[in-house]
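Before any comments, here is the structure.
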Amino acid sequence: LGAMKGTPQSWSAYTYQVVIVGAGFLADAYDLFVVDLVMSILHRLHPGGLASADKSLIASATLVGAVAGQVVFGVLGDWIGRRWTFLVTCVLIVLGAFLSGCVVWTEPGSPLTLVTQLALCRFLLGVGVGGEYPLAATIAAEGAPPGQRGRFIAAVFSMQGWGMLLSCLLVLLLLAVGAPLEWIWRSVLMFGAIPSAAVIFIRSKMEETEIFKEAHEEQNSFSSHFATALGHIRSFWRPLVGTTMTWLLLDVTFYGTGSFKHRISSSLAPGHTSGDPRQEVWEEAKVASLCCCLAIPGYLLSVAFIDRIGRYNLQLWGFLAMAVNFFAVSCLSSMRLPASAHWCMFVCFGFTFLFSNFGPNTTTFMLPAEVYPTLVRATCHGLSAAAGKLGAVIGTVAFSPCEAAFGIEAVLGACGCVCLLGALFTVGFTREAAEDLRELDGLLPVKSDARQ
């Protein structure tokens, strides 16, 4: 890739590099968020065949696989290299997404139900998706020139927003052309294989980054590499607390609300149920599309201003803005506003995604690739991302029982409190990115001031 060798020479070359490195993130967001609409369709096709626990199992299976993928591929990426591990993650995503659309309904009492099949396929998908995080981040960080590193990493991560929107638009398109619901949910799951499949060959031609080659001039055994990596991690414990905890707290809210956005919308504005399954799915996909349209500008704003504002400031104020909007939508919902004023709640709820993307959702991805030495960059990014996905599992599994026990207003208020806690961890443990990544290879330990 050109991004590994210097400054992009043209807009088309820059876009090409972003797409190749970020294809996994488009697939990541697509696969993680389309399952919300898939579960809605399955519930309407088989009202008695999908319990609340089944929905949580399907929603969290990919996330559990992602935790494993982030840790394993983070370690392997630092030891054997980014190139081949980056290719393997592509293959896993393709297999997991394609097989997800091939699951079959079974007889009641069967040990391998459709839910179990789908959970297993999405776990495989999650392993590939998880591996994309540390590998894409380190490749983007190490390949981009220092002056453009922030924008390039943010642009790669912005592919997540387009994946979210694509998942909604594809469902709307298939509904509009009259496709059967059974055909729709299988098609949208299998479609998740296409972005990664399209870049497999190109990724096979990639080279290792120069800074990685310099750090691995001496070939070491895994035990030797592990001992060296452990020493680095011990010295960088403070930023590791910051990158893991802020990512965990963010994803409790980001995936907890994102995976159940149709439930939130129906709770905030009940009464649009028509009794027609196709129309109900249409309304849910339309609401999800509107949320994505409010979220995507956040990614673009991050690309435009990340180097000017700085990672620390963007993360801190993003958490605070998210908290304000969560508290606002919780209060407005409890006031039982008339139907004509429901747009206020939807705007505030959409703004939680806007300020997440123009804030901690982008910075928690970027910082782990910019504050650790080359020998442990992918490992520490994988650990940080795994903490984030652990938060996502907590959010998706806890959402349904908490909503049933305390109501949607309390859940949204709790999300606001989680965001405030994220701001506190930012103040206490987050440090700004290094100007030049090569400095980190000789900077051991880092300064104690969290902002330095």
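The range 94-166 and the range 396-431 have Cα centres spaced 24 Å apart.
Label the range 101-189 by shape, choosing from rounded, prolate and oblate, from the square roots a ≥ b ≥ c of the eigenvalues of the Cα gyration tensor; if a/c is under 1.5 it is rounded, and otherwise prolate applies when a/b is larger than b/c, oblate when it is not.
Details: a/c = 5.86, a/b = 1.79, b/c = 3.27.
Cα axes put the range 101-189 in the oblate bin.
Per residue, the chain exposes 38 Å² of solvent-accessible protein surface, assessed with a 1.4 angstrom probe and all protein chains in place. Entry note, the chain: relative contact order of 26 percent, from Cα contacts under 8 Å with a spacing of 6+ residues. Per residue, the convex hull spanned by the Cα atoms of the range 272-427 measures out at 137 cubic angstrom. Heavy-atom surface analysis with a 1.4 Å probe gives the range 125-177 a carbon and sulfur content of 69 percent of its accessible area. Computing log10 I(q)/I(0) by the Debye sum over Cα atoms at q = 0.07, 0.13, 0.14 Å⁻¹ directly from the structure and comparing it against [x] -0.33, -1.13, -1.30; [y] -0.41, -1.15, -1.28; [z] -0.45, -1.35, -1.48 singles out [x]. Projecting label points 7 angstrom from Cα along Cα→Cβ for L421 and W282 puts them 4.2 nm apart.
In percent, how large is the relative contact order of the range 130-262, given Cα pairs closer than 8 Å and 6 or more residues apart?
On the way: 25 pairs, mean separation 27.7, N = 133.
Averaging sequence separation for qualifying contacts and normalising by length gives 21 percent for the range 130-262.
Going by a ≥ b ≥ c, the root eigenvalues of the Cα gyration tensor, does the range 186-251 fall in the rounded group (a/c under 1.5), the prolate group (a/b larger than b/c) or the oblate group? Provide the component values of the computation, followed by the final result.
Numbers: a/c = 2.98, a/b = 1.34, b/c = 2.23.
Taking the square roots of the gyration eigenvalues as a ≥ b ≥ c, the range 186-251 is oblate.
Each residue of the range 29-37 was assigned a 3J(HN,Hα) from its phi angle through the Karplus curve 6.51 cos²θ - 1.76 cosθ + 1.60 (θ = phi - 60°); the sequence is 5, 4, 5, 6, 9, 5, 5, 4, 6 Hz, with glycine and proline shown as x.
Determine, for the chain, the count of lysine pairs separated by eight or more sequence positions (or lying on different chains) whose alpha-carbon distance falls under 23 Å.
On the way: K5/K205; K5/K213; K55/K261; K55/K286; K55/K389; K205/K213; K261/K286; K261/K389.
Eligible lysine pairs with Cα atoms under 23 Å apart amount to 8.
Annotation: peptides 363-372, 83-92, ranked by per-residue average of other Cβ atoms within 10 Å with the highest first, follow the order 363-372, 83-92. The residue among C168, F73, V393 whose Cα reaches farthest toward the positive pole of the charge dipole of the chain, with charges on the beta-carbon of Lys, Arg, Asp and Glu, is C168.
With runs of 4+ DSSP H residues as the only contributors, calculate the mean residue ellipticity of the chain at 222 nm using -39,500 (n - 2.57) per run, divided by the residue total and rounded to the nearest 500. Walk me through the numbers before you get to the answer.
Details: 20 runs with 345 residues, N = 452.
So the calculated ellipticity at 222 nm is -25500 deg cm²/dmol.
Defining a contact as two alpha carbons under 8 Å apart and six or more residues distant in sequence, what relative contact order in percent does the range 289-398 show? Numbers along the way, then the final one.
Values: 99 pairs, mean separation 39.4, N = 110.
After rounding, I find 36 percent.
Taking a ≥ b ≥ c as the square roots of the eigenvalues of the alpha carbon gyration tensor, the range 379-442 is oblate, as a/c is not under 1.5 and a/b does not beat b/c.
Ranked by the mean number of other Cβ atoms within 10 Å per residue, highest first, peptides 349-359, 411-421 order as 349-359, 411-421.
Atom-type composition of the exposed protein surface of the range 64-120 places 80 percent of the accessible area on carbon and sulfur (1.4 angstrom probe).
First compute the accessible area of the range 332-434 with a 1.4 Å probe, then give the percent of it belonging to carbon and sulfur atoms. Kindly include the intermediate steps, with their values, before the conclusion.
Values: 2560 of 3160 Å².
That share works out to 81 percent.
The values are calculated or read from the model by the stated rules, or taken from the named source; none is laboratory data. The shown structure was predicted, so the numbers you read here are calculated from the model rather than taken from an experiment. In this analysis, Cβ positions are derived from the backbone assuming ideal geometry, glycine residues included, and neighbour counts consider all displayed protein chains. In case anyone asks, the SASA skips ligands and DNA or RNA and just uses the protein heavy atoms, side chains included. Shrake-Rupley method; radii C 1.70, N 1.55, O 1.52, S 1.80 Å.
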